[in-house]
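Heads up, the thing below is written out as structure tokens.
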Amino acid sequence: MPLAAQDQATDAALEDLIPDSAVENPQDWAIEEFGQGPDETDLGGEEIDELDPETPLDDSPEISVQWPDDLQLSPIEIDLPEEDIQFADLDVAGPDVAFTEADLVRLNDSLTLGFPQLDPPFTERGDFVERFEALSTIEELDGDGENIAQLAARAREDEELLAELLRVYGFYDGRIVRSIGTTAPGGASANDGATPNPTVRFDVIPGERYRFGAIDLGALAMAPDAETLRRAFEIESGEPMQSDRIETERFDLDTALGEFGYAFARIDEPQLLIDHERNEGDLTMPVTPGGKYVFGAVTSSDEDFLSGDHLATIARFDPGDIYQRSLELDLRRAITATGLVSSVTIDPREVSAPRGDEPGVVAMDVGIERADLRTIAGAIGYGSEEGVRVAASWEHRNLFPPEGALKVRGILGTQEQLLGVGLRKNNFGGRDRILSLDAYASTIDSPAFDANTAGLLATYERRSTLLFQKPVSWSIGVELVATDERPPAVNGVAAPRSTFLVAGIPGFIQLDTTDDLLDPTEGFRVSANLSPEVSRNRGTQSFYLRARTDASTYRRVTDSVVVAGRVAFGAIPGTELENIAPSRRYYAGGGGSVRGYGFRQIGPRDTLGDPSGGRSVVEGAIEARIRTGLFDGAVSVVPFLDAGSVSPDVIPDFEEIKLGVGVGLRYYTGFGPLRVDVGVPLNPGPNDSPVAVYVSLGQAF
């Protein structure tokens, strides 16, 4: 059935020009409208040659149709956002819309963002651009010489990314206008013959920002701490929408539930329903608190290895304390830190359910798997002045359960040999507290003295570890030492020996605000060592105090430069120098003291020119730890300047201040930096070498 002309979506003027009769029977309408067509007599009696359909027309007859003066076409409309949004001036040129006065952000030679919307302002623009720049596929090119086809393909991906980011920030009616063109590289003129760079520009029109509508958090209102828990979820109706805030606030609410005793709380996946008529999104996130609980007993899956009672001493909670998930996680870390387990799980188990205002009780069921308990360790160090030092140890970490360790250690070096046996009980009497007993025998043959020593040291301490760096560390102990010592030999002739019997009560305390135990970049450390001692030698009994204070500070200057400084002062008041065993006097020099000088080579000297030690010492050092790009930033260059002075008196006289300067390398590994320092003495003595080299693990301080 033919379609009537007036039934088509046609302008009224065209309907008058082409009536329905023209559509139904075009030939009759043409004769009626324009008369009979030309016949043979009209053409002068000539016959009209019949046209061959295979032959093209050489002369086409002219056809003229009068254009109606009253024909009007509908205007072309550009679909822009609502009328209450204001834009910068724009030109309509071709198929794209170019905003001539938009704020432009140029991300690279190929990519520009335009922001033409003036009111309402795009308040999240800075964060929006930063996130787009991190995810953009065009941004990755950054001058890689791509062509227009490649750029166009990436532009489609980035256009979708921009639209998705707008929705993340609550702009569900936003639009992205894309235009692709070329520019001359480096600001050159197009007439210079330079190959143009393809570019893409996105004009971002966010439109109106949607807001959060109704918020449904399920049964959260039934919890006893409903008001406090609701404050942890910081999204309110009427606030501007940002969808990724939902996950952040969901995490905060889950954390709050875990910290206020809700051991079995559950939060279902959130759902956001967008209503385009209201410009709002309704959030539904069912919360099931599950009741409040307190801690009960701690149980162990391997009572003979690490008993539940012992694990309870490690925990930072007592039975009856309100359940906190952070304390549960802390217990797990502490068990891992013992080094005795390969894996650990903690499962809260309901012992009794909550009743009315009475909380329930939850037990902590700890599942553990034993790790390898025997460890062999070793270390090698070298100093050009003190020679080679090799240390090795064997340890069984749980020979006396729980956490009772036996350790055998030895040192073989150019100047020192040692053999020792130690017993250690970790987490003894409390978390991170260690009781240890160490017996050793050693020989030292150094330029300062020759000593054969046997000692016994018992300590009770609280020290920092790699997993738990503590702001305050301390130790207290008892030390018994018997040492047979003599000055260095002269021309192969040994000096007479002198035996010292020493008893002391060494104490230590440290304040630590640094950000890393092995490689600090910020903060400071201050420590003090105090050891009241009594010494007996050749019938003379002496009382004195060995005291030393160390302080160091660290500051990051740039992303790749850390400046570190250290000062130290030590003194031994109470008796004369000759009543103090040479091995317990103060010396300076070496890799951990004043670099550029030999170990214990700085200080007063006897009549033969050998170091005799002193009753006071002052040291200082400053160095810059400069990260390089070598090996993915694992190598640092460290210039340093050290200074030190040792005096025979309790008050430093600074008669001789030794200075050392040099440069070092650090190679950062997963267990700390490897250190190589090369130092040069600035004011060497007759026995000092021109260069000293030190190799060890860890920073100098």
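Observations on the model:
- All conditions but one from (1) closer than 24 Å to Gly430 by Cβ; (2) touching a residue at least 12 places away in the same chain (Cβ under 8 Å) apply to Ile267; the one that does not is (1).
- Taking the criterion of being crowded, with 16+ Cβ neighbours inside 10 Å, outside any strand (DSSP E or B) and modelled with pLDDT of 90 or more, the residues of region 489-520 that qualify are Pro506, Thr514, Pro520.
- Just one of the listed residues (Gly114, Gly174) is more than 32 Å from the chain's Cα centre (by Cα), within 18 Å of Asp244 (Cα to Cα) and modelled with pLDDT of 90 or more, namely Gly174.
- Which listed residue, of Gly596, Gly620, Gly633, is buried (at least 24 other Cβ atoms within 10 Å of the Cβ) and in the same structural domain as Ser531 (by TED's automatic domain parsing): Gly596
- Any pair with Cβ under 6 angstrom, 6 or more apart, that starts in region 433-451 at a residue that is closer than 14 Å to Ala581 by Cα and ends at one that is surrounded by fewer than 17 Cβ atoms within 10 Å (Cβ to Cβ): Asp450/Arg486
- Unmet criterion (only one of (1) surrounded by 16 or more Cβ atoms within 10 Å (Cβ to Cβ); (2) over 26 Å from Leu418 (Cα atoms)) for Ser475: (2)
- Counting the residues of region 434-460 that are more than 18 Å from Gln415 (Cβ to Cβ) and surrounded by 16 or more Cβ atoms within 10 Å (Cβ to Cβ) gives 7.
- Taking region 259-298 as the range and being touching a strand residue (DSSP E or B) at 6+ places or on another chain (Cβ under 6 Å), surrounded by fewer than 18 Cβ atoms within 10 Å (Cβ to Cβ) and within 22 Å of Pro348 (Cα to Cα) as the test, the residues that pass are Arg266, Asp268, Thr288, Ala297.
- Selection count where residues are closer than 19 Å to Leu435 by Cα and either buried (at least 16 other Cβ atoms within 10 Å of the Cβ) or touching a residue at least 60 places away in the same chain (Cβ under 8 Å) (or both), scope region 407-419: 2
- Check on Ser535, over 28 Å from Val635 (Cα atoms) and of a type in the set (Gly, Ala, Ser): yes
- Scope region 276-304; condition among the small types (Gly, Ala, Ser), at pLDDT 95 or above and closer than 13 Å to Gly261 by Cβ; matching residues: Gly296
- Applying the criterion of being over 39 Å from the mean Cα position of the chain (by Cα) and in contact (Cβ under 8 Å) with a residue 40 or more places away in the chain to the residues of region 674-684, the residue that is surrounded by the most Cβ atoms within 10 Å (Cβ to Cβ) is Pro681.
- Counted residues, region 601-625 - those being charged (D, E, K, R) and modelled with pLDDT of 85 or more: 4
- Inspection of region 347-355 finds a residue satisfying the criterion of being at pLDDT 95 or above, among the acidic types (Asp, Glu), in a strand (DSSP E or B) and under 18 Å from Leu257 (Cβ atoms).
- Scan of region 256-302 for residues that are among the aromatic types (Phe, Trp, Tyr) and not in a loop (DSSP other than H, G, I, E, B), ordered by number: Tyr293, Phe295
- In region 243-258, the residues that are surrounded by fewer than 18 Cβ atoms within 10 Å (Cβ to Cβ) and among the small types (Gly, Ala, Ser): Ser243
- Per the listing Asp688, Asp649, the residue uniquely surrounded by 15 or more Cβ atoms within 10 Å (Cβ to Cβ) and either at pLDDT 95 or above or not in a strand (DSSP E or B) (or both) is Asp688.
- Candidates Phe428, Phe400, filtered to the one that is within 26 Å of Ser473 (Cβ to Cβ), modelled with pLDDT under 95, among the hydrophobic types (A, V, I, L, M, F, W, C) and loosely packed, with under 15 Cβ neighbours inside 10 Å: Phe400
- Qualifying residue in region 387-394 (condition: of a type in the set (S, T, N, Q), touching a residue at least 60 places away in the same chain (Cβ under 8 Å) and not assigned by TED's automatic domain parsing to the domain that holds Thr338): no
- Extreme residue, nearest to Ala439 (Cα to Cα), among residues of region 463-488 that are more than 43 Å from the chain's Cα centre (by Cα) and modelled with pLDDT under 85: Arg486
- Of residues in region 581-607 being hydrophobic (A, V, I, L, M, F, W, C) and outside any strand (DSSP E or B), the one nearest to Val680 (Cα to Cα): Val594
- All positions within region 387-433 that are of a type in the set (Lys, Arg) and under 24 Å from Thr465 (Cβ atoms): Arg397, Lys407, Arg409, Arg424, Lys425, Arg431, Arg433
- Test: residue in region 571-580 that is in contact with a strand residue (DSSP E or B) (Cβ under 7 Å, 6 or more places away or on another chain) and either free of Cβ contacts under 8 Å to residues at least 24 places away in the same chain or exposed (fewer than 15 other Cβ atoms within 10 Å of the Cβ) (or both): yes
- Within region 89-109, considering residues that are in contact with an Asp or Glu (Cβ under 7 Å, 6 or more places away or on another chain) and at pLDDT 80 or above, the one farthest from Phe202 (Cα to Cα): Asn108
The values are calculated or read from the model by the stated rules, or taken from the named source; none is laboratory data. The structure presented is a predicted model; accordingly, all values stated were derived computationally and were not measured. Neighbour counts are summed over all protein chains in view; Cβ atoms, including those assigned to glycine, are modelled from backbone coordinates with ideal geometry.
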